[in-house]
Every structure is written in structure tokens, then in C-alpha cells.
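The values are calculated or read from the model by the stated rules, or taken from the named source; none is laboratory data. All values reported here derive from a predicted model rather than from experimental measurement. Methodologically, a virtual Cβ is constructed for each residue, glycine included, from the backbone with ideal geometry; neighbour enumeration extends over all protein chains shown.
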Amino acid sequence: MIKLTEDAAKKIASQISASNEKDPLRIAVTQHSKHKGFQYLMGFDKKTDNDNLYDVRGVQIIVNNDLADIINGMEVDFVEVEGEESQFIFKNPNDPTYKAPTE
């Protein structure tokens, strides 16, 4: 199951509202070309028969069935980086480069 933080859900909902988007948000994962980790892609797309549909915090998300094990437990966050810079962050314990937060 995919998780969205409240900040990520609000940002996605605002993008949907601003663009009047009707299609669900697709999250895709590929092997990064330069290191062992994953690369994450997001965009609005039509659902196919080979997709799982999730409703997370009111956001419709589709993911290819083949990625179910890879995205299980992944959390998407939206953070301010520097000044007015912001970005989505993918916290995926299935990513070989993932480092769990230390307490």
C-alpha cells in the first residue's frame, strides 16, 4: 500500500484542482541508470487492466500491478527544500538505497 503524507496529499489535490485533471495520478518506479536505487515518476494517466487503483487521502493513485511488491510500504511526502524550492520525496523501504530514519 502507498501512503501519502498530509502535505503530499494537499499538494497533489491542489495540482488536480488547478489543472482540472480527471485522470488518476500514476506513480511509476524504474531502476536508476547511474546507481542501484530506484527512480520515481508521477503523472496523470488513464487506468489500464494491469493497474491497481488506490484511494489515499482522497487522491486516486494508479500503479502497475508488476510494481506492487516494490511500492508496498512506500510513503510520498512533499517538503520545502530551500527557500521557495519544494519537491516530492519518496520513502521506500524496498529501495536498495533507502536508509531508515534513526531515532
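Some observations on this one:
- Take the conditions (1) surrounded by 14 or more Cβ atoms within 10 Å (Cβ to Cβ); (2) within 25 Å of PRO96 (Cα to Cα); (3) of a type in the set (Asp, Glu); ASP69 misses just one of them, which is (1).
- When HIS35 is tested against (1) within 14 Å of the chain's Cα centre (by Cα); (2) within 24 Å of THR97 (Cα to Cα), only condition (1) is not met.
- When ILE2, ILE12 are screened for being among the β-branched types (Val, Ile, Thr), buried (at least 17 other Cβ atoms within 10 Å of the Cβ) and touching a helix residue (DSSP H, G or I) at 6+ places or on another chain (Cβ under 8 Å), only ILE2 passes.
- Restricting the stretch 1-15 to residues that are touching a residue at least 40 places away in the same chain (Cβ under 8 Å) and in a helix (DSSP H, G or I) leaves a set whose member that is nearest to ILE89 (Cα to Cα) is ALA8.
- When LYS47 is tested against (1) under 14 Å from the mean Cα position of the chain (by Cα); (2) at pLDDT 95 or above; (3) farther than 24 Å from ALA100 by Cα, only condition (1) is not met.
- Members of the stretch 16-34 found to be in contact with a strand residue (DSSP E or B) (Cβ under 7 Å, 6 or more places away or on another chain) and under 18 Å from ASN94 (Cα atoms), listed by number: ILE27, ALA28, VAL29, THR30, GLN31, HIS32
- Residues that are assigned to a loop (DSSP other than H, G, I, E, B), free of Cβ contacts under 8 Å to residues at least 24 places away in the same chain and loosely packed, with under 14 Cβ neighbours inside 10 Å within the stretch 24-46 comprise SER33, LYS34, LYS46, listed in sequence order.
- Residue in the stretch 49-57 that is more than 21 Å from ILE12 (Cα to Cα), without any contact (Cβ under 8 Å) to a residue 12 or more places away in the chain and surrounded by fewer than 16 Cβ atoms within 10 Å (Cβ to Cβ) present: yes
- The condition (being touching a Ser or Thr at 6+ places or on another chain (Cβ under 6 Å), modelled with pLDDT under 95 and either of a type in the set (Phe, Trp, Tyr) or surrounded by fewer than 13 Cβ atoms within 10 Å (Cβ to Cβ) (or both)) is satisfied by just one residue among GLU85, GLU80: GLU80.
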